[in-house]
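Working notes for the structure below.
Bear in mind that the values in this text are calculations on the coordinates, not laboratory data. What you are looking at is a predicted structure, and each value in this text was computed from that prediction instead of being measured. With ideal geometry, Cβ positions are generated from the backbone for all residues, glycine too; neighbour counts draw on all protein chains shown.
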Amino acid sequence: MDILLDKYSFILAIINLLVLYFILRKIFFNKITKFMDERSKKIKNTMTEADNLKSESEKIKIEYESHLNQALKESIDIIQDAKNRAEKEYQEILKSAKFEAEKIVEKAHIETKHERDQMISEVKNYVTELTIKTASKLISSNMDTTKNKNLVSKFIEEDGGIDATS
């Protein structure tokens, strides 16, 4: 009988386990499964959202790099433009300075020629007066001083005078 009881005890234990399983399944397993499904959905949503944010951040990064490269190109263009304008202004200033220097040199040549001509004229007058004084002391005659002066001036200009171009 003990074996029979053990069989019944065993069968009753199996039935108890099955009843307990169905009761637990009905009460707890559905809630646990539902909780696990919701948790799984949340995880999937979070992962999807993270992937979306990652792709969006990649797009923003690419856009930022594009703007940065464009700004760098614009700054290079601005610098090159400034260099070109500075070079142009430098050339204009240099041209203007050269023109002014040429004007100054030309003016100096004109002034020098004028002073030279004036000095030659003064030397001619001095030589004429000196010659007249010398001739009048040597000759001691009644010749007119103005005649002598004109004669010497004519002699200097024609024959042995000082050339204004030399």
Between 0 and 90 degrees, rounded to the nearest ten: what's the tilt of helix 2-24 against the longest Cα principal axis of the chain? 40
Just to confirm the number: angle between the C-alpha axis of helix 145-155 and the first principal axis of the chain, 0 to 90 degrees, nearest 10? 60
GNM on the chain, C-alpha springs below 10 Å: top fluctuator among 103, 54, 26? 26
Which lysines does residue 26 reach when only Cα atoms under 22 Å apart count, and residues fewer than 8 places away in its own chain are ignored? 34
If you place +1 on the Cβ of every Lys and Arg, -1 on the Cβ of every Asp and Glu, and leave all else neutral, what size is the dipole of the stretch 1-71 about its Cα centre, to the nearest 20 Debye? 360
Putting +1 on Lys and Arg Cβ atoms and -1 on Asp and Glu Cβ atoms, find which of 118, 52, 40 reaches farthest to the positive end of the dipole of the stretch 1-124. 40
Extended-chain gain in nm, criterion 0.36 nm per residue less alpha-carbon gap, residue 105 and residue 48: 12.1 nm
Along the charge dipole of the chain, which of 19, 131, 62 sits closest to the positive end, that is, farthest toward it, with unit charges on the beta carbon of Lys, Arg, Asp and Glu (+1, +1, -1, -1)? 19
Estimated vicinal HN-Hα couplings, Hz - the stretch 73-85 in sequence order (Karplus 6.51, -1.76, 1.60; Gly, Pro = x): 4, 5, 5, 5, 4, 5, 5, 5, 4, 5, 5, 5, 5
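Please get the size of the charge dipole for the chain, origin at its Cα centre, with Cβ charges of +1 on Lys and Arg and -1 on Asp and Glu, quoted in debye to the nearest 20.
Numbers: 28 positive and 29 negative charges, 266 e Å.
Once rounded to the nearest 20, the dipole reads 1280 debye.
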When the helices in the chain are scored as -39500 (n - 2.57) per DSSP H run of 4 or longer and the sum is shared across all residues, what 222 nm value do you end up with, to the nearest 500 deg cm²/dmol? -32500 deg cm²/dmol
For volume of the Cα convex hull per residue in Å³, the listed values are [x] 116; [y] 124; [z] 216; which was obtained by calculation from the structure presented? [z]
